[in-house]
Amino acid sequence: MRHFRLLVVGNGVSAYGSYLNLVALNVFIYEVTDSALAAGLFMAVRLMTSVVSGFVSGRLVSAYDRKRLMVGADLTQCAAMVALLIAPAGGRAGLLYVLAVVTGFCSTLSGVALRSSIPEIVGPELRVRANSLLATGRSLAMIAGFASAGVVVAQLGYVAAISLDAASFAVSASVLMSLPIRTKAERAERAEKAEKAEQAEKAAGGSEGGQRGGAGEGKAENLGALVLLRAAPVLAVMIAVRAADGLGSSSHNVALPVYSSALDPSHPATFVSQFWATWAIGNIVMQQICGRWAGRGGRQGPGERAFAIGACVMSAAFIVVFAGLPTGVAVAAALVAGMADGLTEIAYVSRLQAAPDEQRGRLFGLSASVENTGFGLGMLVSGALLDRFTPLQVVGLLHGLAIALCLGMFVVLVRYGRTGGGAVPAAGASSAEGVAPTAGLSGEGATSPAGPSAEGAAPPAGPSVESEAR
C-alpha cells in the first residue's frame, strides 16, 4: 500500500488542478468570447467527449499498458494547458474547444485505467481500502480546488490558475512514472504480448485473411461488455442505477442555485456553500469508515445490497434538501446524502473490480459513458423542467426514478440470490449460458474470480469532472 498511497497523492494533486480549472476555465472562456452560449458549448463538448471516450477507453485499457496510458493522458493534458498559455490571444477561443476535447478524453481514459488497475496494484483483498483512499483524496482535492478557485483567479489571474493545472498533471505523471507498480494481471500481460506478436506476423504477411480476422476481433471486442452484462444481470442493473443517479445528480446541481436564491435573494451563495461543504464532510467520513471496516479481518466491504440501500437513501436525502424544511434539517440531509454517496461509490467501484482483469476495462469504460450520458441528459432535462416546475418537483422526479430502479434491483438480488446465477463469466466465456458463478451476486462483497493470488473512480458525486461529485 505504500506505493499506492503515493499514487493517491499524485492523483489528488492532479484532481485539485482539474477542479480549480473547472471554475477558472468556465469564467475564462466567457471573458474571452463574451458569450454565455460559448461557455455552455465548452462544457457540452467536454461532456460529449467523455461519453464517447468511455467506450474507446475500455478497449484501450484492455489492450495496452495502463500505466503508460495514465502517464500519457496526464502529459497530454499538461501540454494542452501549456499550449493555451502560449497561444496568441486571437487564437485562444478556438483552442479552448480543442482543450475541452483533450481534457474530456484524457480524464476519462485516466479514470478508467486507474480504477481497473487497483486490484492489480494492491491485490483484490485490499481493493476496498484502496478505493476508499483514492476517493478520499479526490474529495479533499475537490474541496481545495473549489475553495481556492476564486482566490487564485482574483489574486493571481487566469494564467496562474491554468499554470497550476498544468503543473498538477506534470506532478501526477512524474509520480506514476516513478512507482514500480503493475497494472495488469500476469496472464493478461502474456496474452497482450502474444496478440501483438500475432498482429505483427499478420501485418508482415499482409494477408487478406488476417485483415478479416482483425475486423472480427474488433467486433467481438465491441460486443464483449454487452455479453458480460447479459451473463451478469445484477451488474447491468447497477450500471443502470448509476445512469439514473447521474440524472438525479444533475437535477440537484442545476436546481441548487435556484433554490438557494429563493431562500436568501441577498446571499444566494450561502446555502450552496453550506450544502456542498456538508456533503463533502459526509462523503469523506463514509469513505474512511468503509476503508477501515474493510481493513479489519479481511472483510470485503459493502456489496450489491449496500449499494442499492445507499443509492435509495442518497436520492431520498437529496429530495429532503429541497423540501423547504429549516436550514438545519436541510444541512443534516446533505450530510446523510454525502455519506450515502460515499457508500455507493465504494460499493459500486469495488464490485466492478471483482470482474476478471481482461473484462474490467470494458466494464469501467461502459460505466463512464453511461454515467456521463445520464448526467448530461439530466442537465438538459432539469434546465427545461425548472422553467415550469419547482426545484422540489424536478429533483423529486429525477431522484425518484433512481429510487424506483433501486427497488427493482432488490427484486433482482432476491431472484438471483436464490439461484446463484448472474455471476461474472470467467475469462473467455462467450455466452450467458453455462457460466460458473464466481462470487454469488446476492452476496455482499463479491470477490475476484482470480483469487487472492492475483495482484491486482466523482460531479460532486464529483460533478463528474467525471461525474464523481453528486
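The set of residues in the stretch 59-93 being of a type outside the set (A, V, I, L, M, F, W, C) and either outside any helix (DSSP H, G or I) or more than 20 Å from the chain's Cα centre (by Cα) (or both) consists of Y64, D65, P88, G90, G91, R92. Within the bounds of the stretch 293-311, is there any residue that is basic (K, R), more than 28 Å from G58 (Cα to Cα) and in a helix (DSSP H, G or I)? No: zero hits. For the stretch 312-331, which positions are part of a helix (DSSP H, G or I) and open to solvent by less than 50 Å² (accessible area, probe 1.4 Å)? Correct list: C312, M314, S315, A316, A317, F318, I319, V321, A330, V331. Based on this model, can you work out whether G417 counts as at pLDDT 75 or above and in a helix (DSSP H, G or I)? Considered against the rule, which asks whether it is at pLDDT 75 or above and in a helix (DSSP H, G or I), G417 comes out as no.
Quick one: in the stretch 102-146, which of the residues that are basic (K, R) and modelled with pLDDT under 90 is most open to solvent (accessible area, probe 1.4 Å)? For the stretch 102-146, the residue satisfying everything is R129.
Would you confirm whether any residue within the stretch 145-152 is assigned to a helix (DSSP H, G or I) and in contact with a Gly (Cβ under 8 Å, 6 or more places away or on another chain)?
yes
From the list E371, E358, the lone residue that is buried (at least 24 other Cβ atoms within 10 Å of the Cβ) and assigned to a helix (DSSP H, G or I) is E371.
Applying the selection to the stretch 386-403, what residues are of a type outside the set (V, I, T) and open to solvent by less than 40 Å² (accessible area, probe 1.4 Å)? Walk me through it before giving the result.
From the stretch 386-403, those of a type outside the set (V, I, T) are 386-389, 391-393, 396-402; that's our starting set.
If the condition is that a residue be of a type outside the set (V, I, T) and open to solvent by less than 40 Å² (accessible area, probe 1.4 Å), then L386, P391, G396, L398, H399, G400, A402 are the ones that fit.
Of everything listed in (1) closer than 24 Å to A280 by Cβ; (2) small (G, A, S); (3) surrounded by fewer than 24 Cβ atoms within 10 Å (Cβ to Cβ), the single unmet condition for G157 is (1). Whether any residue in the stretch 27-49 is open to solvent by less than 20 Å² (accessible area, probe 1.4 Å) and among the polar types (S, T, N, Q) is what I want to check. No; the residues of the stretch 27-49 include none that is open to solvent by less than 20 Å² (accessible area, probe 1.4 Å) and among the polar types (S, T, N, Q).
The values are calculated or read from the model by the stated rules, or taken from the named source; none is laboratory data. Quantities reported herein were computed from a predicted structural model and do not represent experimental measurements. Here the Cβ is made from the backbone with ideal geometry for all residues, glycine too, and neighbour counts use every protein chain on show. In case anyone asks, the SASA skips ligands and DNA or RNA and just uses the protein heavy atoms, side chains included. Shrake-Rupley method; radii C 1.70, N 1.55, O 1.52, S 1.80 Å.
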